[in-house]
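Heads up: the structure comes next, in structure tokens.
The values are calculated or read from the model by the stated rules, or taken from the named source; none is laboratory data. Everything numeric in this text was worked out from a predicted model, so none of it was measured. Note that we place each Cβ from the backbone using ideal geometry, even for glycine, and neighbour counts take in every protein chain shown. Keep in mind that these areas ignore ligands, DNA and RNA; they rest on the heavy atoms of the full protein, side chains included. Shrake-Rupley method; radii C 1.70, N 1.55, O 1.52, S 1.80 Å.
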Amino acid sequence: MNLALADVRHGFLRFFLTMIGVGFLIMAATGMIGLYRGIVDDALLIVERIGADLWVVQGGRAGPFSESSAIASDVDRRCEGVPGVASVRRFVQISRQFSFEGRTLRAAVTGLDFPTDRGDWLTLTSGRRLVAGHFEAIADESVGLHLGARVRLARDDFTIVGTTRGMVDASGDGLLFVTVADASTIAQKRSGEEILLARAAAGRTAAAGPTGSSVQQDSKISAVLLTLAPGAEEARVRATVLAWGDVDVLSRSDQRTLLLDQRLWRLRLQILAFTGVLLVVMTIVISLIIYMLTMEKLHQIAMLKLIGARNSVIVAMILQQSFLIGAGALVLGFLMSHLVFPHFPRRVLIEPADFALLSTAVGVVCGFAGLLGISRALRVRAQEVLS
Amino acid sequence: MTGEPVLSVRDATRHYPSGDTVVKALDGVSLDVHAGELVAVIGPSGSGKSTLLLIAGLLEPPSSGEVRFRGARVSTPAVDLDRLRDFRRRNIGFVFQKANLIPFLTAGENVALAMEIDDVAPRAARRHAESLLTGLGLERRIGNLPARLSGGEQQRVAIARALANDPALLLADEPTAALDGRRGRQVIALFRSIADRRGAAVVVVTHDLRAADYFDRTIELIDGRIVDGRIGTTPASGEGGGRSLEPEMFRNETQHRRKSGATRSVQDRSWPGPVPCRSPDEDPIP
Ligand SMILES: Nc1ncnc2c1ncn2[C@@H]1O[C@H](COP(=O)(O)OP(=O)(O)O)[C@@H](O)[C@H]1O
Ligand SMILES: [Mg+2]
């Protein structure tokens, strides 16, 4: 017979509650890691999916995802002339808040360079891609707009012709795809107050001297995306574009590095630190539970020694119980994670490899906790049964 | 009685430091118990009875003197008792005032456990446990947890557990103290039959002199010394004609068990039958 199992069966409710408790800790750790993965994944989403080899961005700036970027309106035409460039698309993305059916929604309005780009790289969950040059939009489900909805942006009404799932920007706002022309209009559209403020500012600077504003501030195009022809040399294209002097060039991996190591590094570190704290808490809690379970059984353990049980019997009982709790908690934590996290506002990405790593960590913790209990159990003397 | 005594305590003392002084819990005690013998140890509280049992049961080392088992020296003041656990499991059964059953195992499992930790296959252990419990009148309690059993029933399960590995020596420390007089007498009767039928050497510490007629002899301890010991005397009781053979069989069986690999069988071990009654008015197993 298996002593550990017999004990679990006998006090099933208690063990189950313990497993649920530890399961919640595992769920929290899963959530933390998943949140981290989700944020990284969301941040990189557009960079990975949009299929650009090089990003031409405002000179001296780190690209539209790190700081504001505006490039001259002829950069796309200049790029078309560069040998080795297969396709050129303009890119613009702006965060907008708007009201729809009485609710205030947020979206990252993203321009598709229609007709070159009709959103063919998007995976639609319903509807179709853009067919008209104006007033059509593909909305991510997370924005809260349904297929066929009409939404007013700037002074125009847009019809939602398609929907996507899971397409968000680095801050978690759903993407709303329109044509680049429409996106520029939306970006340029300012409220009456903004216009007044701008006028006042212009008046002041005019009084102070010539305005320092450059061409770029008027342009709403934040980057140009290049794909290279097969066999084209990335370095040569890059050198040609950089020679213009007013733009910078970022590769896909530059973008990754910028996003992860600069824009998001604090958040990443914070989440990792929290995950670390959770693992420490989990270690302490599991260790305490196993230790208490062992302490409770010292009398029985002394009795086992008295009737001549080998240490292996006692060690097996404690370790098995420890791992049983760990395994049960992992299963429960896994189930709860899959039940709960999909309802969270931001994506919680549970990667099998991460969960495997977490399981290993829990295994190590259970082993450690078991050893703690065992070290106590092995110090019990058989005659303590009599006291 | 011919042959070596099963248990032989030689000139054992046990000292416990107590503040500046030393308590002589046991002060030069010698005791031989042969196979098939049922010996009572009596004496006032604090006279060293439990200490004697702990030393005889290899749970405490003597401060001086030694303990022999079938002539072989097993315990001395320098002994590492933890290494005698295997020996204890195979040769000595213990019963205490409290049954000390594992609360999360059924009566049957409690008994079977004692065999499983000695590498008996689970199924065989289970079957033997059932036959032991049945022999003790507990056939309807096999699947019950200890909490569902009465004190007397628990004590009988503890006795079945002590018997599970067919020990040559059975030590009981006030096993009847928690039972009423009638049940206490039944338990002593049970020990009598264990000595008779199994040829075990049985030492029982007891206060209960109402059951004195069951014992082959009685040893009285006072202040750690034997005052009325007849060491090595042949049992007065005339019972057990075949007794001298039984220990022999038992020994052979033990020998065989040890050699037969990790998992042994218990097919050859079975409960000898119902417990005999001393007098018709006392049914030892209700
Ligand atoms: N572990 C111990 N430490 C100190 N003194 C002990 C210990 N065990 C027993 N004693 C002392 O040894 C004496 C004999 O005890 P014990 O054998 O338990 O007596 P009995 O079982 O006859 O009542 C008592 O005075 C008791 O206080
Ligand atoms: Mg005592």
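Some observations on this one:
- Residues being in contact with a helix residue (DSSP H, G or I) (Cβ under 8 Å, 6 or more places away or on another chain), closer than 18 Å to B:Arg90 by Cβ and not β-branched (Val, Ile, Thr) - total across the stretch B:108-125: 8
- Considering only residues in the stretch B:34-46 that are farther than 20 Å from B:Gly184 by Cβ and either within 14 Å of chain A (Cβ to nearest Cβ) or out of contact with any Pro (no Cβ under 6 Å at 6 or more places or on another chain) (or both), the one that is farthest from ligand 2 (Cβ to nearest atom) turns out to be B:Gly36.
- Filter pass, B:Pro103 being in contact with a strand residue (DSSP E or B) (Cβ under 7 Å, 6 or more places away or on another chain) and in a loop (DSSP other than H, G, I, E, B): no
- Residue among B:Arg127, B:Arg123 that is out of contact with any strand residue (DSSP E or B) (no Cβ under 9 Å at 6 or more places or on another chain) and more than 21 Å from B:Ile194 (Cα to Cα): B:Arg123
- Residue within the stretch B:16-24 that is within 15 Å of ligand 1 (Cβ to nearest atom), open to solvent by 20 Å² or more (accessible area, probe 1.4 Å) and touching a residue at least 60 places away in the same chain (Cβ under 8 Å) present: yes
The rows are residues; the columns are (1) farther than 16 Å from A:Val365 by Cα; (2) hydrophobic (A, V, I, L, M, F, W, C); (3) not assigned by TED's automatic domain parsing to the domain that holds A:Val362.
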{"position": "A:Ile286", "(1), (2), (3)": "no, yes, no"}
{"position": "A:Tyr291", "(1), (2), (3)": "no, no, no"}
{"position": "A:Met295", "(1), (2), (3)": "yes, yes, no"}
{"position": "A:Asn311", "(1), (2), (3)": "yes, no, no"}
{"position": "A:Ile318", "(1), (2), (3)": "no, yes, no"}
{"position": "A:Gln321", "(1), (2), (3)": "no, no, no"}
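Listed here are the residues, each with its yes/no results for (1) among the aromatic types (Phe, Trp, Tyr); (2) in contact with a helix residue (DSSP H, G or I) (Cβ under 7 Å, 6 or more places away or on another chain); (3) assigned to a strand (DSSP E or B).
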{"site": "A:Ala107", "(1), (2), (3)": "no, yes, yes"}
{"site": "A:Pro115", "(1), (2), (3)": "no, no, no"}
{"site": "A:Leu130", "(1), (2), (3)": "no, no, no"}
{"site": "A:His134", "(1), (2), (3)": "no, yes, no"}
{"site": "A:Leu147", "(1), (2), (3)": "no, no, no"}
{"site": "A:Gly172", "(1), (2), (3)": "no, yes, no"}
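- Filter result for A:Arg9 (assigned by TED's automatic domain parsing to the domain that holds A:Ala223, assigned to a helix (DSSP H, G or I) and open to solvent by 20 Å² or more (accessible area, probe 1.4 Å)): no
- Residue within the stretch A:70-78 that is hydroxyl-bearing (Ser, Thr, Tyr) and more than 24 Å from A:Pro115 (Cβ to Cβ) present: no
- Failed criterion for B:Val9 (all others in (1) touching a Lys or Arg at 6+ places or on another chain (Cβ under 9 Å); (2) more than 16 Å from ligand 1 (Cβ to nearest atom); (3) at pLDDT 95 or above; (4) among the aliphatic types (A, V, I, L, M) hold): (2)
- Residues satisfying the stated conditions in the stretch B:55-68, i.e. more than 16 Å from ligand 2 (Cβ to nearest atom) and open to solvent by 10 Å² or more (accessible area, probe 1.4 Å): B:Pro61, B:Ser63, B:Ser64, B:Gly65, B:Glu66, B:Arg68
- Residues that are touching a residue at least 24 places away in the same chain (Cβ under 8 Å), closer than 11 Å to A:Leu176 by Cα and part of a loop (DSSP other than H, G, I, E, B) do not occur anywhere in the stretch A:71-84.
- Single condition A:Gly308 does not satisfy, out of (1) free of Cβ contacts under 8 Å to residues at least 24 places away in the same chain; (2) open to solvent by 10 Å² or more (accessible area, probe 1.4 Å); (3) in contact with a helix residue (DSSP H, G or I) (Cβ under 6 Å, 6 or more places away or on another chain): (2)
- Check on A:Gly144, open to solvent by less than 30 Å² (accessible area, probe 1.4 Å) and not hydrophobic (A, V, I, L, M, F, W, C): yes
- Note on the stretch A:162-172: residues that are closer than 14 Å to A:Glu141 by Cβ, surrounded by 17 or more Cβ atoms within 10 Å (Cβ to Cβ) and not small (Gly, Ala, Ser) total 4.
- Within the stretch B:123-154, the residues that satisfy the criterion of being free of Cβ contacts under 8 Å to residues at least 12 places away in the same chain and within 13 Å of chain A (Cβ to nearest Cβ) are B:Arg123, B:Arg148.
- Count of the stretch B:91-122 residues, restricted to those that are within 16 Å of the chain's Cα centre (by Cα) and at the interface with chain A (Cβ under 7 Å from one of its Cβ atoms), is 4.
- A:Ala29 being touching a residue at least 40 places away in the same chain (Cβ under 8 Å), part of a helix (DSSP H, G or I) and more than 14 Å from chain B (Cβ to nearest Cβ): yes
- Across the stretch B:56-67, the number of residues qualifying as in a helix (DSSP H, G or I) and within 11 Å of another protein chain (Cβ to nearest Cβ) comes to 0.
- Taking the stretch B:33-49 as the range and being in a loop (DSSP other than H, G, I, E, B) and near ligand 1 (Cβ under 6 Å from one of its atoms) as the test, the residues that pass are B:Gly43, B:Ser45, B:Gly46, B:Ser47, B:Gly48.
- Of all the criteria given as (1) part of a loop (DSSP other than H, G, I, E, B); (2) within 16 Å of ligand 2 (Cβ to nearest atom); (3) modelled with pLDDT of 95 or more, the one not satisfied by B:Leu52 is (1).
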